[in-house]
Amino acid sequence: MMNAEYAVQLRAAAEFIRKHDDFLVVSHVQPDGDAAGSTFGVAWMLHTLGKQFTLINEGSMPSKYLYMAGPHPILNFEKTPPERKFAAVIAVDCADFDRIGKVSGCFAHEFELLNVDHHATNDLFGAVNLVRADAAATVEVLYDLAEEMGLACSDAWNVCIYSGLLTDTGGFRYSNTSPKVMSIAADLLSRGVQGHELAEKLLETMTFPQVTLLKSSLNTLCFAHDKRVAWLSVSSDQLRASGAASEDMDGLVNYARNVEGVQVGMLFKEKTPGVVKVSLRSGGEANVAEIAQRFGGGGHIRAAGCTVEGTLQEAIDRVVREVGSALG
Ligand SMILES: [Mn+2]
C-alpha cells in the first residue's frame with residue numbers, strides 16, 4: 001500500500017530527475033553501506049538515463065564499498081574539492097542538511113535539492129523531498145523511484161540496492177526487515193544478485209586491524225550492577241596499535257549489549273586525552289536516550305550516545321554509576 005502523499009513525492013522526484021542534467025550526488029559524512037549503495041544506485045540510474053553527474057562526499061568513501069562504483073569515481077571533498085558549483089543536487093540518506101557536511105560548499109547560489117531518505121527525523125530540507133520513514137533503507141526508496149520512472153535497471157544497480165538493504169537491516173535481522181524488504185530482496189536475487197557474496201563482503205569479513213581491535217577491546221569487557229550493565233573501552237593507544245580506523249569501532253558495543261541478562265551495553269572510546277565518547281545500547285526496557293541526555297547527549301530509546309570529559313576510567317565510573325541509578 002502506498003499513501004497518496006508518497007505517490008506525489010515519487011512523481012515530483014521523477015520530474016526533478018527528468019528536468020535536470022548535470023547533478024551533484026552526495027550522501028552523509030562517514031558513509032555506511034546504505035549511503036554508499038544509494039549514492040552509487042543514483043549514479044547507475046542517472047547513467048541509464050544518459051545524464052551528467054558528479055559524486056562527492058565530505059571524506060573518503062570506505063574502499064569496501066567501491067565495488068558498487070563501476071566507472072563512477074567519487075570525489076573526496078577534503079582532498080579534491082571541485083572547482084565548480086552545482087545547481088541540481090541529490091542528497092541521499094541524510095536526515096538533515098548538516099549531514100551533507102562541507103560538500104554544501106559547492107552548491108550554486110540558487111541550487112535545487114532532491115532529498116531522498118528514510119529517517120523518521122528527516123526535516124524535509126529539500127526543494128523536493130522523497131522520504132518514506134517506514135522504509136528500511138534509502139535504497140528501498142530508490143527501488144520505488146526506479147519503478148515510478150519505469151527504469152530498466154542494470155545488474156550493477158541491483159547490487160547497490162541489495163547492499164543497502166543488507167547493511168541497514170543488519171543482514172535482514174533488525175525490526176525494519178519488513179515483508180516489503182524481503183520481497184525486494186527476493187526480486188533482486190531472482191535477477192541474479194549473489195546475496196551470499198555480498199553478505200560475506202559486507203557483514204562477515206573482518207580486516208586484520210578490525211580483528212586486532214576486537215581482540216584487545218574484548219579484554220576490557222567489564223560488568224556491574226548484577227551483570228545488568230556491561231561495557232568495553234578503547235583507548236587512543238589501543239586504537240593506534242591495532243591500525244584500525246575509528247569506523248571499525250562501530251559494532252563493538254554489541255559485544256557488551258548482546259550478553260544474556262545485560263540491560264545496558266556501552267562502549268567508551270577515548271577520542272583525545274580527556275575526551276571520551278560513549279555509545280549506549282539498551283538490550284530491553286532501559287531508555288538509554290534519557291541516560292545520555294544527563295551527560296548532554298541524546299539519541300533513540302535503544303541507541304544513544306554522549307561525550308564525557310575526563311580520563312577513560314573517570315568517564316566509565318561516572319556513566320556506570322548513572323546507569324546503575326537509572327536501572328534502580
Ligand atoms: Mn540508511
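Values as computed for the structure displayed
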{"quantity": "Coil-residue chymotrypsin sites (Phe, Trp or Tyr not before Pro) of region 153-250, DSSP, other Cβ within 10 Å capped at 11", "calculated": "Y174"}
{"quantity": "Lys, Arg +1 and Asp, Glu -1 on Cβ, resulting dipole of the chain about Cα centre, debye, nearest 20", "calculated": "540 debye"}
{"quantity": "Environment charge at V276 (Cβ cut-off 10 Å; Lys +1, Arg +1, Asp -1, Glu -1)", "calculated": "+1"}
{"quantity": "Radius, Kirkwood style, for region 164-320 when every pair of distinct Cα atoms is counted (Å)", "calculated": "16.9 Å"}
{"quantity": "Positive dipole terminus of region 231-293, leading residue within S236, M266, L252 (C-beta point charges)", "calculated": "S236"}
{"quantity": "FRET E, pair S175, A133, Förster distance 22 Å, beta-carbon r, rounded to 0.05", "calculated": "0.95"}
{"quantity": "Region 176-276: GluC sites (Glu not before Pro) in DSSP coil with no more than 13 other Cβ atoms inside 10 Å", "calculated": "E260"}
{"quantity": "Region 49-123 and region 284-299: distance between their alpha carbon centers, rounded to Å", "calculated": "31 Å"}
{"quantity": "Distance violations [Cα-Cα > 29 Å] among K19/K79; K102/K180; K102/K269; K215/K277; K102/K215; K201/K227", "calculated": "K19/K79; K102/K180; K102/K215; K201/K227"}
{"quantity": "Cα gyration tensor, region 97-228 - rounded (a/c under 1.5), prolate or oblate", "calculated": "oblate"}
{"quantity": "Ratio of the Cα radius of gyration of region 125-184 to 2.2 N^0.38 Å, where N counts its residues", "calculated": "1.14"}
{"quantity": "Whole-percent pair-distance distribution, where bins are 10 Å wide, for the alpha carbons of region 40-157", "calculated": "13, 43, 39, 5"}
{"quantity": "Using distinct alpha-carbon pairs, which all enter the 1/r mean, Kirkwood radius of the chain in Å", "calculated": "21.1 Å"}
{"quantity": "Spherically averaged projected area in nm², based on the convex hull that wraps the Cα atoms of region 193-274", "calculated": "6.6 nm²"}
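A short reminder: the numbers here are calculations on the coordinates, not readings from a lab. Note that the structure is predicted; figures quoted are calculated from it, not measured. Every residue, glycine among them, receives a Cβ derived from its backbone with ideal geometry; neighbour counts consider all protein chains shown.
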